[in-house]
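Bear in mind that the values in this text are calculations on the coordinates, not laboratory data. As the structure is a computational prediction, the values presented were derived from the model and not from experiment. Methodologically, a virtual Cβ is constructed for each residue, glycine included, from the backbone with ideal geometry; neighbour enumeration extends over all protein chains shown.
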Protein chains: 2
Amino acid sequence: MSFLAPRFAPPERILMGPGPSDVPRRVLNALAAPTLGHLDPAYLAIMDEVRDFLRQVFKTKNELTMAVSGTGSAGMEATLVNLIEPGDEVIVCVNGVFGGRMKDTAERCGAKVHAVEAPWGEIIEPSAIAAALDQHKNVKLVGIVHAETSTGAHQPLEEISKLVHNAGALLLVDAVTSLGGVPLDLDALQIDACYSGTQKCLSCPPGLAPVSFSSAAVDRISARKTKVQSWYLDMSMLKSYWGQERVYHHTAPINMTYALREALAIVLEEGLENRWARHTKNHLALRAGLEALGLKYIPKHSLASLNAIHVPEGVDEAGVRKRLLTEFDIEIGAGLGPFKGKAWRIGLMGASSTKKHVLLVLAALESILGVSGGTTAATAVYA
Amino acid sequence: MSFLAPRFAPPERILMGPGPSDVPRRVLNALAAPTLGHLDPAYLAIMDEVRDFLRQVFKTKNELTMAVSGTGSAGMEATLVNLIEPGDEVIVCVNGVFGGRMKDTAERCGAKVHAVEAPWGEIIEPSAIAAALDQHKNVKLVGIVHAETSTGAHQPLEEISKLVHNAGALLLVDAVTSLGGVPLDLDALQIDACYSGTQKCLSCPPGLAPVSFSSAAVDRISARKTKVQSWYLDMSMLKSYWGQERVYHHTAPINMTYALREALAIVLEEGLENRWARHTKNHLALRAGLEALGLKYIPKHSLASLNAIHVPEGVDEAGVRKRLLTEFDIEIGAGLGPFKGKAWRIGLMGASSTKKHVLLVLAALESILGVSGGTTAATAVYA
């Protein structure tokens, strides 16, 4: 043998960044089960199970609920390319990276996009949406980010959903960093299209994008006058593959479907409400600890799954992250955009949302920053 | 606990259909390694290794060589959306499902598509391409399928490449069912853009699409006047993520990258030429066996990786496949399009291209069809 590849042995990290989160061994074992054919009756049964579990986790009865064969951004693109036709007027809310990405993608679909903006770290006020809907009467779709991963802002949706539907538009929601960790009820909120990722609060490796479309959204797709610009993401074909017809479209990522099945089973075994409560509890403990260390949150309305904090004056942002990684194997995230070099993002998602993670990251920060009192303050929250 | 999911235990199959092929345990173990963050230095090193290995397997020096975060069809779409601008004239060769899919996708990109067609099972003759190039002087791109998975036809590319480049067009090649199993040399053939899948001759689970672009193709992308219609597949951003800049674009399917790394390592450890020879040998043995059983090939120019044969008169096509699956755990493929109900497709790809697979499927067919002589004829080829 002339070539022998080095042994493959990636290091084991503690994932507390903006995703991926720690993946339970049970999920990794499912991922490594023998590969089935994509039309094998046994695989089709797994697809059905995934759809069923996804509906429970999304809290929806939507028939068109499935996993797109790509990562979260492919889920975003799948919703937009199917719901937008060239020339359509849409509103996209932008208060961070992921709202900006949604706007860019909607424009690539040929939409006339009206942006409703808020400063990074803040939420979108319903009054701003009301004003935009009032100004633009032909808006067909309003896109908004439930959990803005770049700032940690937690967007309330109840009031906005009413405004959007009263105006006769569809509501599209980015739930990449909320699904499975932060309260979300698609049917109660009347969300028409929603996309997420697997590597956040579901604690599955990245590679699939759960999506769900309401019947109004499906009607919109059925009434299209133009073909969907993406062949790969065309829901009119994908729904026949994931539906009872089983029309071959593409070869789904078989083993990733296994992992998602197992990750969703874990979510449902814990119970959604219990899981949300766990995320809240650990967030509050971490928050108490960080604030005891003198660290300040960026968003006023923080997600339980992601804690975005200001880097204190005079502290080497990248240097601290590097020490966390090399001395503790802990990954946390850097700031993006206007927060580049100025923020840390600490994720408490899925399997990474535990008391152990909270106390460890606080202890590590105390050690590196030369401060104290964080773990004590956090422990008090658990008491 | 109110809900307990059934134990996850998919059956173990012997994969001899049109893909996926059998995945070695070594690859499945890599797949199940602990998940890293997508910007972890350890993960970036794995991406670099995958690029290096992919260049060797594609036989190219192309800088822009990487794995698209989707299955083979996403790789197809990635090449088309980046290389086509609305109004561009392109030629697409159609002699099966995958040529037809390429044509459909090119049209969705706004191309004016001139189809060069051949009957299913046949190859595209260079003279037909010459005539089309002569008739349409503004053609910017010619797309063709190297290994037509729906018919098993093996398309020669040498002469066609010369014609395409003499006409000043770029050559785009679908190598989904050939890469790693059938001779392919991107640089020698002057292929400008090529896409493949992981679940065929590379014997990795599906979920990534290896792609490679020549410098001429990169220049074409750089000279675009319009934005790429897909955000997810926009190479101008993806090349900054996979390149030295490491600009965050999306979260790559981390664990799938592990599996691809390991699958490519296996290919390189065996050696490409050895691997091609192995695929040829096992194909010839299977062919001798099938023909001894009275079964006839559909394509005159058959791939070594995929054997498409006519179902004999009076034989229950689906019934035989079902017995192969239930009695032997062997998956083979059905016919598509005009061959629906009339063809079987037997894959000998990657780890599924072995003497053991050849003799087992022949013995199983003999048992089900009540015939004999196939295994003997195949064994003679190995002698």
Above 39 angstrom, tally the Cα pairs of chain A and express them as a % of all pairs, no decimals.
18 percent
Can you list, shortest first in nanometers, how far residue B:274 lies from the same residue in the other copies, with each label 7 Å from Cα toward Cβ?
5.2
Strictly over 31 Å apart at the Cα level, which of B:281/B:342; A:137/A:296; B:103/B:322 would you flag in this model?
A:137/A:296; B:103/B:322
Stretched fully, the stretch from residue A:301 through residue A:356 gains (0.36 nm per residue minus C-alpha distance, one decimal, in nm) 17.4 nm
In nm², what is the average projected area of the convex hull enclosing the Cα atoms of segment B:1-141?
14.3 nm²
Total charge dipole magnitude, segment B:46-155, about the Cα centre, Cβ charges on Lys, Arg, Asp, Glu only, Debye to nearest 20:
100 debye
Indicate the gyration tensor shape class of segment B:1-48 (rounded, prolate or oblate), computed on the Cα atoms with a ≥ b ≥ c the square roots of the eigenvalues: a/c under 1.5 is rounded; otherwise a/b larger than b/c is prolate and the rest oblate.
oblate
Per DSSP H run of n ≥ 4, the term is -39500 (n - 2.57); total these for chain B, divide by its residue number, and report the mean residue ellipticity at 222 nm rounded to 500 deg cm²/dmol.
-13000 deg cm²/dmol
Quick check: convex hull over the Cα atoms of the protein assembly as shown, volume per residue in Å³, rounded to an integer?
150 Å³
Among A:40, A:329, A:192, whose mean-square fluctuation peaks in a Gaussian network model of chain A (Cα, cutoff 10 Å)?
A:40
In terms of Cα to Cα distance under 20 Å, which aspartates and glutamates are near enough to residue A:59, apart from those fewer than 8 places away along the same chain?
A:48, A:49, A:158, A:159, A:174, A:185, A:187, A:192, A:262, A:269, A:270, A:273
Which of B:38, B:136 has the fewest other C-beta atoms within 10 Å, and how do the rest follow up to the most?
B:136, B:38
Axial C-alpha extent at least 18 Å, average Kyte-Doolittle at least 0.5 - helices from chain A (DSSP):
A:254-270, A:355-369
Which one of A:357, A:315, A:339 is farthest out on the positive end of the charge dipole of segment A:310-358, using unit charges on Cβ (Lys, Arg +1; Asp, Glu -1) and the Cα centre as origin?
A:357
Electrostatic dipole magnitude of segment B:272-382 [Cβ: Lys, Arg +1; Asp, Glu -1; Cα centre; debye, to 20]
320 debye
Can you tell me the length gained on complete extension of the stretch residue B:112 to residue B:166, counting 0.36 nm per residue apart and subtracting the Cα distance?
17.4 nm
At residue A:117, label 7 Å along Cα→Cβ: distances to the other copies, nm, ascending?
5.1
Give the distance, in whole Å, between the Cα centre of segment A:328-352 and the Cα centre of segment A:37-63.
32 Å
Could you pull out every one of the lysines with an alpha carbon less than 18 Å from that of residue A:239, ignoring same-chain neighbours closer than 8 positions?
A:61, A:227
Chain A to chain B by rotation: the residue of A with the beta carbon nearest the axis and the rounded distance in Å are A:32, 2
Descending semi-axes in whole angstrom, ellipsoid equivalent of segment B:105-207, from the Cα gyration tensor:
24, 15, 14
Along the Cα→Cβ direction, 7 angstrom out, place labels at residue A:369 and residue A:274. What is the inter-label distance in nm?
3.3 nm
Using a 7 Å offset from Cα along the direction of the beta-carbon, what are the separations from residue B:89 to the same position in each other copy, nm, ascending?
4.0
Between residue B:326 and residue B:223, what length in nm is gained on full extension when 0.36 nm per residue of separation is reduced by their alpha carbon distance?
31.7 nm
Looking only at other chains, what is the average number of their beta-carbon atoms within 10 angstrom of each beta-carbon in A:245-258?
6
Dipole moment magnitude, nearest 20 debye, the protein assembly as shown about Cα centre, only Lys, Arg, Asp, Glu C-beta charged
480 debye
